[in-house]
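The structure appears below as structure tokens.
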Amino acid sequence: APFTLQIVSVLLLGLALGSFINVCIHRLPKNESIIAPGSYCASCKTKISIWDNIPLLSYLLLKGRCRQCNNSISILYPIVELSTALLLLSGFIKFGITIKFAIFCAIGPALLAVAIIDFKHLIIPDAITLPGVLFGLAAGSYLIGLKNSSLGLISGAGTFIVLSTIHYWIRGLVGMGGGDIKLIAAVGALLGIKYVFLVIFLSAFIGSLVGLIGVVLRKINFLSRIPFGSYLAIGTLIVYFSGEDIINIYIKTIMSVY
């Protein structure tokens with residue numbers, strides 16, 4: 001197919017997946033089904049017709065308001081749809097028509113949902129992480145082999161369990177939620193033992209940087225809970241795209257120093 005048609009197809013797929021991710025973001029934290037009922041207005045609960053549920057386009061045509069009650073629709077909806085489309089386009093440009101891109105079409109939107117849900121509610125739904133562990137093992141076994149995938153799962157989950165246990169012994173508080181542990185298990189299964197530790201390092205670095213900015217701006221303090229799952233999602237995307245490049249740059253830097 002012409003390259004332009006491929007780009008358009010990927011963007012349309014991304015918009016469609018983004019619409020579904022919006023449903024997950026809205027319903028999973030409330031333990032609601034993501035299948036039934038169909039899409040409805042969050043304000044008046046009226047069922048949204050198919051013509052008013054076209055990703056991005058309907059929001060623009062309706063000027064960000066519900067056709068029935070005229071209440072405003074959250075700007076998050078088109079942002080998620082557009083972000084998912086651009087995310088898939090980035091994956092297509094990076095990986096082309098490959099199995100790695102097909103896998104990314106599943107994990108990219110899922111990680112976006114995790115990042116937003118954890119940022120808003122400080123939870124990571126089992127409906128995402130538990131299937132994610134199984135998907136990670138299946139996809140990881142294809143990409144890196146079953147042994148490496150299994151070791152990545154065990155290493156990632158084991159590291160977080162140990163850190164959480166130590167934190168609890170020292171401060172008497174749970175330091176790492178179960179959602180974070182399940183998420184890093186899924187990530188480890190997908191990427192393997194080498195890259196799961198890179199994800200943890202990058203996520204901790206990003207989280208520390210954002211946390212420091214929050215403290216300086218007095219938005220949070222050192223005792224505030226942080227959405228670490230959001231940073232794990234970002235770290236995973238970075239490593240999936242450029243993990244090998246990051247490690248190579250690190251090795252070259254170390255060798256040049258010594």
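No lab work stands behind these numbers, since they all come straight from the coordinates. Since we're looking at a predicted model, the values are computed, not measured. Neighbour counts are summed over all protein chains in view; Cβ atoms, including those assigned to glycine, are modelled from backbone coordinates with ideal geometry.
Observations, loosely collected:
- Within segment 191-237, being closer than 25 Å to SER141 by Cα and outside any helix (DSSP H, G or I) holds for one residue alone: GLY192.
To keep it simple, each residue is scored yes or no on (1) among the basic types (Lys, Arg); (2) over 15 Å from the mean Cα position of the chain (by Cα); (3) farther than 28 Å from HIS26 by Cα.
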{"residue": "LEU88", "(1), (2), (3)": "no, no, no"}
{"residue": "PHE92", "(1), (2), (3)": "no, yes, no"}
{"residue": "THR98", "(1), (2), (3)": "no, yes, yes"}
{"residue": "LEU112", "(1), (2), (3)": "no, no, no"}
{"residue": "ALA115", "(1), (2), (3)": "no, no, no"}
{"residue": "ASP126", "(1), (2), (3)": "no, no, no"}
{"residue": "VAL133", "(1), (2), (3)": "no, no, no"}
{"residue": "SER150", "(1), (2), (3)": "no, yes, yes"}
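- Given (1) closer than 23 Å to PHE241 by Cα; (2) touching a residue at least 40 places away in the same chain (Cβ under 8 Å), index of the condition VAL210 fails: (2)
- The residues of segment 27-43 that are surrounded by fewer than 19 Cβ atoms within 10 Å (Cβ to Cβ) and not in a loop (DSSP other than H, G, I, E, B), listed by number, are ARG27, PRO29, LYS30, TYR40.
- Residue match in segment 184-196 (condition: at positive phi and either surrounded by 14 or more Cβ atoms within 10 Å (Cβ to Cβ) or in contact (Cβ under 8 Å) with a residue 40 or more places away in the chain (or both)): yes
- Meets criteria (in a helix (DSSP H, G or I), loosely packed, with under 12 Cβ neighbours inside 10 Å and not aromatic (Phe, Trp, Tyr)) for ASN248: yes
- Of all residues in segment 1-53 being touching a residue at least 60 places away in the same chain (Cβ under 8 Å) and of a type in the set (S, T, N, Q), the one that is farthest from ILE97 (Cα to Cα): SER19
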